[in-house]
Amino acid sequence: CCFIFFVFGILAVQLVQGRLRGTCYDLETGEREDVMCTIRWGKVPCPATHGCLLLADNPGNGVINFDSIGGAVVVIFQIMTL
């Protein structure tokens, strides 16, 4: 069971690492919007006058993340036990 969590954790880190922190910022004023965006995938673009920067916290006050194998395994365990 732990092996499966570890394998899916590695897969999740490779696919999603750092992408949950994208937030739209106004390029003129520098104000942060509460809109998640993606840089590489392009599925959630920012408006034309905004830029997507990876400066925000991860969801859940930083608890939900796929930035490391430990965080990914914990999130996968949470999802599997819901």
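The values are calculated or read from the model by the stated rules, or taken from the named source; none is laboratory data. Computed from a predicted model, the values in this text were never measured in an experiment. A quick note on method: Cβ atoms are made from the backbone with ideal geometry, for glycine too, and the neighbour counts reach across all protein chains shown. Only protein heavy atoms, including side chains, enter the accessible area calculation; ligands, DNA and RNA are left aside. Shrake-Rupley method; radii C 1.70, N 1.55, O 1.52, S 1.80 Å.
One table, with the values for the structure above:
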quantity: Any hit, the range 65-75, residues being under 16 Å from the mean Cα position of the chain (by Cα) and loosely packed, with under 12 Cβ neighbours inside 10 Å; calculated: yes
quantity: Which numbered condition Arg32 fails, given (1) open to solvent by 60 Å² or more (accessible area, probe 1.4 Å); (2) out of contact with any Phe, Trp or Tyr (no Cβ under 8 Å at 6 or more places or on another chain); calculated: (2)
quantity: Test: residue in the range 10-29 that is more than 16 Å from the chain's Cα centre (by Cα), exposed (fewer than 12 other Cβ atoms within 10 Å of the Cβ) and free of Cβ contacts under 8 Å to residues at least 24 places away in the same chain; calculated: yes
